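Encoded as structure tokens, the structure appears first; notes follow it.
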Amino acid sequence: MQLYNVKIDNAIDKLKSMNAKKILLQLPDGLKPESFDIFNKFSEHFGVVISSGAFYGACDIGNMEVYNNVDCIVQFGHSEIPNINYPKPVIFIEYMYDKIELDDNIFDKLRENSIKNIGLLSSVQYYNQMFYVEEKLKKLGYNVIIGKNDERLKYPGQVLGCNFSSAHSISLYVDAYLLVSTGLFHGIGAQLSSDKPVYILDLNDKKIKNIKDNVDKFLRKRYGKIERAIDAKKFCVVIDTKIGQYRKKLAYDIYNKIKSLGRDAIIITTDNVSPSDFENIMCDAVVFTGCPRVSIDDGDKFKMPVLTPIEFEQLFKFKNNNKYVMDEIVAVDYSPIK
Ligand code: SF4
């Protein structure tokens, strides 16, 4: 909380300079136990409501009925998505973990695999750690490159679960990527979006892992699921109204493609997708244009296949289907339905 306290003081100064009276706080689950302290700190100066809903990124500033009634949103734990046109001022209170010391021998795995040119990536929470790793790798004689981000990412080398532009920008120059993070979420996405091997430097157990086997296993399962949509007669094409997931034009493009196949399609909107939505509608398959990780990571929760737009296009040969293509969000359409 120490670091957050400083940032909260800065946010309070900023809010005062904006003359904000009412604010909405969005806290990630890990910070919800601090809700009382954080609420009390802000409410010494402003009217405050805390959103109880889950949110997964800066693509989601919550429910319009709530944010329309405040002067500013304060979101903890994520970095701004620069090319989103937020309808209200949003203050992002990022959290970057302190440096975790690492032994040099952790990196032997890279040399064993003949990797010399390394593209470094990280999720925003470990962004500072990435530069520590860069320094270490350079001292060990590796050539380290940090890629340029597109406008959906705030920092060079940063990745989101839906955007790996920092990796694409250096793909010609690296033998492999090293992602500084924890868990598999960002690594799976990075590997799905890249031809070069992706290694994860998992800071939980301080080990470098090659995730090729995980991704191969994932893809075998995924292709099976995608194939199930080939005979679907009734499709739901879903637009997620979250500000940073809103791809209405893409949804209508997919809708038109489905119609051109002589199949039936409807457009539906959601701001909190749930399996029962589609079960009640009794469609055979779903094309989901919101967060691509809903289709990829939560697909098993749904009875029918839930495809990303690009999976749909590959299945029905609107696009080349030589290799799996990850659905990445570069930019979204502005203006959620009002
Ligand atoms: S769209 Fe999905 S992966 Fe992208 S920032 Fe939002 S929650 Fe994360």
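The values are calculated or read from the model by the stated rules, or taken from the named source; none is laboratory data. The structure presented is a predicted model; accordingly, all values stated were derived computationally and were not measured. Heads up, the Cβs are rebuilt from the backbone with ideal geometry, glycines too, and the neighbour counts pull from every protein chain shown.
Below is a table of values for the structure above.
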| item | result |
| --- | --- |
| Among the residues listed as Q191, Q158, Q245, the single one being buried (at least 19 other Cβ atoms within 10 Å of the Cβ), modelled with pLDDT of 95 or more and either acidic (D, E) or touching a Gly at 6+ places or on another chain (Cβ under 6 Å) (or both) | Q245 |
| Selection count where residues are under 14 Å from V306 (Cα atoms), in a loop (DSSP other than H, G, I, E, B) and away from the ligand (no atom under 13 Å from the Cβ), scope the range 250-287 | 4 |
| Members of the range 194-214 found to be closer than 23 Å to N322 by Cα, at pLDDT 95 or above and touching a Leu at 6+ places or on another chain (Cβ under 9 Å), listed by number | V198 |
| Tally, over the range 226-247, of residues that are part of a loop (DSSP other than H, G, I, E, B), of a type in the set (A, V, I, L, M) and more than 13 Å from the ligand (Cβ to nearest atom) | 3 |
| Within the range 113-125, considering residues that are in a strand (DSSP E or B) and within 16 Å of the ligand (Cβ to nearest atom), the one surrounded by the fewest Cβ atoms within 10 Å (Cβ to Cβ) | S122 |
| 1 or more residues within 16 Å of the ligand (Cβ to nearest atom) and either of a type in the set (D, E, K, R) or touching an Asp or Glu at 6+ places or on another chain (Cβ under 6 Å) (or both): qualifying strands (runs of 3 or more DSSP E) within the range 30-112 | 90-93 |
| Considering residues of the range 138-166 that are under 28 Å from D108 (Cβ atoms) and assigned to a strand (DSSP E or B) only, the residue nearest to the ligand (Cβ to nearest atom) | Q158 |
| Pairs, first touching a residue at least 60 places away in the same chain (Cβ under 8 Å) and within 13 Å of G30 (Cα to Cα) in the range 73-97, second outside any strand (DSSP E or B) and more than 14 Å from the ligand (Cβ to nearest atom), C-beta under 6 Å, six or more apart | F76/L27; F76/L31 |
| Some residue of the range 288-307 being surrounded by fewer than 21 Cβ atoms within 10 Å (Cβ to Cβ), of a type in the set (V, I, T) and away from the ligand (no atom under 13 Å from the Cβ) | no |
| From I106, I91, I73, residue being at pLDDT 95 or above, among the hydrophobic types (A, V, I, L, M, F, W, C) and under 30 Å from K206 (Cβ atoms) | I106 |
